[in-house]
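Here is the structure we will look at.
The values are calculated or read from the model by the stated rules, or taken from the named source; none is laboratory data. Owing to the predicted nature of the structure, the values given are computational and were not obtained by experimental measurement. Glycine gets a Cβ as well: all are built from the backbone with ideal geometry, and neighbour counts include every protein chain shown. Note: areas computed on protein heavy atoms with side chains; ligands, DNA, RNA excluded. Shrake-Rupley method; radii C 1.70, N 1.55, O 1.52, S 1.80 Å.
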Amino acid sequence: MQPLLTLNGIERRYGDVAALDGVSFSVAPGAYVALLGPSGSGKTTLLRVIAGFEQPDAGHVVFDGRRIRDIPTHRRGIGIVFQNFALFPHLTVEKNVSFGLLNRESETNMDRRAIDAKVRDMIALVGLKGLESRDMHQISGGQRQRVALARTLVTEPRLVLLDEPLGALDANLRARMRDELRSLHDRLGVTFLHVTGSEAEALAMGDTIIVLDRGRIAQVDLAESIYNHPASPQVARLLNCYNLFEGAVEGREFVSSVGRFPLDGARAPGRPGKASAYAIRHDRIAVRPVDRPISPDEAGLAATFVASEYSGSSVLSFFATAGGQVIEVEDHLSLREPPNYAQKQGYALAWEPRDALVFA
Amino acid sequence: MQSAVMKPALALYTTLFLVFLYAPFAILAILSFQTGPEGGPQFPIIEWSSYWYQHLFGLAPPSRVAPLPIGESLFRSMTLAFMTMIVSTVLGVMSAQAFRSRFKGSGIVFYLIVLGMMVPGVLVGLGMALVANFFGIDRHWWSTAFVLHVVYTFPFAFLVMLAIFNRFDKSVEEASWSLGVSPARTFRKVTFPLIFPGVLSAMLFAFTLSYDEFSRTLFASGRDLTLPLAIYGTFAVEIHPNVFAFGVLTTLFSFALLGVYAILMSLSVRRARRIAIQEE
Amino acid sequence: MVATRDESEMTTTTTTIAAENAHVDPPPRNNGARVAYWLIAPGVVWMGLFLVLPMLMIVYVSFWTQTTFKIEPILTTKSWVTFFASDTYLGALGTTVRIWLTVLATTLLVGYPSALFVGLFVKNKTIQTVLLTLCVIPFWTSFLIRVLAWRPMLGKEGAINLILMKFGIITQPIEALLFSDLSVVIGMTQIYCVFMVGPIAFMLARIDPNIIEAARDLGAGFWRIFRTIILPLSMPGVVVGAIFVSVMVLGEFATSAALSGRKVNLLGNIIVTQVGSLKWAFAAVAGVILTIVIGAVVAGLLRIVDLRNEL
């Protein structure tokens, strides 16, 4: 299948700073792609280049088989949903949604009744029925988000760019809108490129995830693969579900400041002597009392319990090593009993060597 | 800080300052009710009367005091101010819109525009008169004086619009483009309605500045007098309280204009809501 | 998984693509700048024709030959020589500078304490706005009417003399109040001090109250705080105000005409009378000199504070 969108070596500089430093990837039609990057990684710049608000200094964007550098935004057929929603404050909900259809350059021959019907359907689809004549300051944050979505989707763009669309919502609403966004995508069959700084959001929503780090692509893969096999320590750190140790491979062991870990069965063991990083996922660590020491075929270390944090279906516990490094352990409540660790008590943290990742 | 002493002292000073600002005008208003035509422009008030107001409108019996030539000059000033308001607001909006994107030479252009409000009227007036003489162009309030009024008020409109655009959220325009709406139509349908309060302020600035402007008009307007020129003409001769009465009336007119501006402002804020209700 | 190698591989491929690209595509069109030029063009043309051209014309005509009632485009420096040989003209230049300096001082003296009160001592934003509006309201009265309003105030039988005599402070009316340097200075001060109050109050209102609080905690008295914190931070406002006042006072002629009984002749008055008697070349010479004076004053003021860093 021919990709809908292809980016080829996109570069964008602001003075000496490269916001985008040779970004290439492609998006298949109908896909839900999540673009994950920390703030400052260049993800918003990337969206602005695709939308046509900014020109890349080098590289090209191919959309629907055409290079679109010289095509202005309004002729690209790419919709965008802004983080701050960027609604038209002087128009009602209905006028916001119908704005594109009534004012766009192409398809001016669409008759008023057809437009009205389409707008009505879209307003119903996003659940704004009854609020048509409300002003933008008379509706809630979640409703504004829906107006922003409806306004874009009603113009039937081939590609919708979502710039941290859930960033301005509170946590409760964010979870609900996640599901709604996903189901809207599946129902309308539009291609979504969803930019986010939240690893949880990216993993939950994207079929494919593109990880952007300091203006470069760090990894492109299916959500599950990214979660299980981050390609670099940077990606692992970004995913926020790995404990990372710096150190070096010596013989059959990884040597770090917190201890020596056997490498038998560990994935991608690095070459001996080279500086590398060792990662173990939060939920792959078992917590045991100190009197049950770590066996030779296990990896592990001793640490003191600091605090726990409950978040719905899991508990995140923080331990500190003697050297002060914080180790995070996640217990899924569906798998284990809710843990009950004692404050300032020492524990043995153990894991299977084959669950660990070693980066060269 | 010895606020205990400083604050009341400064408050008193500020009060005196306000008295200093307003006192002459209060005196002028009082003296405008001097009896006429024998009463002069000074104290004491011989008798309270509205004679000079009647005199202004030609309702008083003819006397040795010539009536102020305000009828036609008022019309000219209003027309001139209106023309100036339209042109300088259009220029101001266009230029400020241009300054939203970086372009080469914007620094020099900025100073060129601001220069228009800095150069004293007597200088541009003189220059314009010389240019007109040189090219054999007749000087009129609606031609040579008008272009100078715009030179003077356009920078104000420009600066007002620049300030408005500084606080303008560009993403609503980008959103409109992304919906397939051309930049020109986006400006008409999104940008302009949103900056409209600023445009009103620019218009108010331009109108009042032009309406009151006279040093540029003095050399550039030819024979027909505008209102400020008519008043300036009274400087040379003996002044009568009719000028004071006229001052009171123009001030009231200015306040009426301010009132209209305030009403338009609040209307433009409320408009969106009203449209919403009507079209429901 | 060898991530670093992957990354380096990717960059090499992308750089080749980028290099290739540069050959294929023409440089991107800078649409924003092109539209900007079209938008700015009418304003620039207008200012060029009706501001720059007239100013150049003044310089040009100042070198024309002046005969009794007309000027001819024969270049000469005669008008310039006449100007600098004439006590009247040089006197006008002196008067202009004297009145300007005096009014600059009085507007600062009258305006600064009021700005200090409004900008720093009034904490309530509403009262602050009301006070500033009160300062601006007189602007909606005709400038000329405001000048004229001083006549019944300052005259021999004017309000001030009347009040002073009533309280027995003076027995004879003070005649020097009207038609003198003093009346011109008083009139100009009242008309222009708002331009001083506004910018200063604006800068003072931006001072973080915590700084002053901290200084007071360290035991600094009012004068010390004023000298070391308030005054330096308000300087940009003073300079902006001074530029406004200077430009307007230097270009003045109406106030002096109305309140001095033609005793105070500024360069502006010279220009008006010369034009009145069709002495265009002399008027142009006075105009060039006035332009130079204003340019020097503004440039000098801008040297005190770099406004671009401050505002």
Distant alpha-carbon pairs in segment B:49-193 (separation over 24 angstrom), percent = 54 percent
Cα extents of chain A along the three principal axes, largest first (Å) = 77, 44, 38
task = Using only alpha carbon positions, build the gyration tensor of segment C:78-310, then give the equivalent ellipsoid semi-axes as the square roots of 5 times its eigenvalues, largest first, whole angstrom.
result = 36, 25, 15
task = Determine which aspartates and glutamates satisfy two conditions relative to C:Lys279: a Cα distance under 18 Å, and not lying fewer than 8 residues away in the same chain.
result = C:Glu72, C:Asp87
request  = Set Lys and Arg Cβ to +1 and Asp and Glu Cβ to -1, take the dipole of the protein assembly as shown about its Cα centre, and tell me which of B:Gln34, A:Val258, C:Val45 lies farthest positive.
outcome  = B:Gln34
Within the protein assembly as shown: Cβ-based charge dipole about Cα centre, in debye rounded to nearest 20 (Lys, Arg +1; Asp, Glu -1) = 1980 debye
request  = Helix by helix through chain C, keep the DSSP H runs that span 30 Å or more along the axis on Cα and average at least -0.5 on Kyte-Doolittle, and give those back in order.
outcome  = C:87-116, C:181-205, C:280-304
Rounded FRET efficiency, nearest 0.05, which uses the C-beta distance separating A:Leu173 from B:Thr79 and R0 of 60 Å = 0.55
inquiry  = Modelling each spin label as a point 7 Å along the Cα-to-Cβ direction, I'd like the A:Arg113/C:Ile207 distance in nm, to one decimal.
reply    = 7.1 nm
query = For the protein assembly as shown, what is the accessible area per residue in Å² when the probe is 1.4 Å?
reply = 45 Å²
query = Where the centroid of each part is defined by its Cα atoms, how far is segment A:165-231 from segment C:34-94 in Å?
reply = 67 Å
message = On C-alpha positions alone, give me the angle between the axis of helix B:121-135 and the longest principal axis of chain B, in degrees, nearest 10.
response = 80 degrees
task = May I ask you to list the lysines whose Cα is less than 24 Å away from that of B:Lys189, ignoring any residue fewer than eight positions away on the same chain?
result = A:Lys95, A:Lys118, B:Lys170
key: Per principal axis, descending, Cα span of segment C:205-311 in whole Å   = 67, 30, 18
request  = Rank-order A:44-52, C:267-275, C:122-130 by packing density, defined as the average count of other C-beta atoms within 10 Å over each peptide's residues, highest first.
outcome  = C:267-275, A:44-52, C:122-130
remark   = For segment B:54-203, the percent of accessible surface on carbon and sulfur atoms (probe 1.4 angstrom, ligands and nucleic acids excluded) is 68 percent
query = Considering every residue in C:55-62, what mean count of other chain Cβ atoms within 10 Å of its Cβ is obtained?
reply = 5
query = To the nearest 10 Å², what's C:Cys193's accessible area with a 1.4 Å probe?
reply = 0 Å²
ask   = Pairs B:Lys7/C:Lys123; A:Lys43/B:Lys104; C:Lys156/C:Lys263; C:Lys78/C:Lys263: which exceed 20 Å Cα-Cα?
value = A:Lys43/B:Lys104; C:Lys78/C:Lys263
request  = Please report the relative contact order for chain B, taking Cα pairs under 8 Å with a sequence separation of at least 6, and give it as a percent rounded to a whole number.
outcome  = 28 percent
remark   = For chain A, the longest principal axis of the Cα atoms and the Cα long axis of helix A:141-153 enclose an angle in degrees, to the nearest 10, of 60 degrees
note = Using the Kirkwood radius over Cα pairs of the protein assembly as shown, the Stokes-Einstein translational diffusion coefficient at 20 °C and 1.002 mPa s, in µm²/s and rounded to a whole number, is 63 µm²/s
query = In nanometres, what is the gap between the two model label sites at B:Phe135 and A:Arg66, each 7 Å from Cα along Cα-to-Cβ?
reply = 4.6 nm
request  = Answer rounded, prolate or oblate for segment C:24-129, using the Cα gyration tensor with square roots of eigenvalues a ≥ b ≥ c: rounded when a/c is under 1.5, else prolate when a/b is larger than b/c, else oblate.
outcome  = oblate
ask   = So how much accessible surface do B and C hide from each other in total, probe 1.4 Å, in square angstrom to the nearest 100?
value = 7400 Å²
message = 7 Å from Cα along Cα→Cβ at both B:Leu115 and A:Ser295: what's the point-to-point distance in nm?
response = 8.9 nm
note = For chain B, longest principal axis from Cα atoms; helix B:144-166 axis from its Cα atoms; angle between them, nearest 10 degrees, is 50 degrees
ask   = Which order do peptides A:62-71, B:71-80, B:116-125, A:206-215 fall in by mean Cβ count within 10 Å, highest first?
value = B:116-125, A:206-215, B:71-80, A:62-71
message = Please compute, for peptide A:86-99, the average count of beta-carbon atoms on other protein chains lying within 10 Å of each residue's beta-carbon.
response = 5
task = Write down the Kirkwood hydrodynamic radius of chain B, to one decimal in angstroms, obtained as one divided by the mean of 1/r over all alpha carbon pairs.
result = 22.3 Å
inquiry  = For segment B:139-248, compute the orientation-averaged projected area of the C-alpha convex hull (one quarter of its surface), in nm².
reply    = 9.2 nm²
inquiry  = To check my understanding: the extent here is largest minus smallest coordinate of the Cα atoms along each principal axis. What are those three numbers for segment C:66-187, in Å, largest first?
reply    = 64, 44, 25
query = Ordering B:His140, A:His282 from largest to smallest accessible area (1.4 angstrom probe), what's the sequence?
reply = B:His140, A:His282
task = Counting only C-alpha contacts under 8 Å and six or more residues apart, can you give the relative contact order of segment C:133-254 as a whole percent?
result = 24 percent
Relative contact order of chain A, pairs being alpha-carbon contacts under 8 Å that are 6 or more residues apart, as % = 16 percent
ask   = Given a Förster radius of 45 Å and the C-beta distance between B:Val65 and C:Ile163 as r, what FRET efficiency does 1/(1 + (r/R0)^6) yield to the nearest 0.05?
value = 0.95
query = For chain C, which whole percent of the accessible surface, found with a 1.4 angstrom probe, sits on carbon and sulfur atoms?
reply = 69 percent
query = Hey, if we sort B:Trp141, B:Trp48 by accessible area with the 1.4 Å probe, largest down, what's the order?
reply = B:Trp48, B:Trp141
query = Applying 1/(1 + (r/R0)^6) with R0 = 45 Å to the Cβ-Cβ distance of A:Leu222 and A:Ser257, what FRET efficiency is obtained, to the nearest 0.05?
reply = 0.85
message = From the protein chains alone at 1.4 Å, what is the descending order of accessible area for C:Ile304, A:Ile10, largest first?
response = C:Ile304, A:Ile10
request  = Grab the alpha carbons of segment A:191-330, take their convex hull, and tell me the volume per residue in Å³.
outcome  = 134 Å³
request  = Would you tell me the mean number of C-beta atoms belonging to other protein chains that fall within 10 Å of each C-beta in C:102-113, as a whole number?
outcome  = 1
request  = Using a 10 Å cut-off on Cβ atoms, rank the peptides B:205-216, B:257-268 from the highest mean neighbour count down.
outcome  = B:205-216, B:257-268
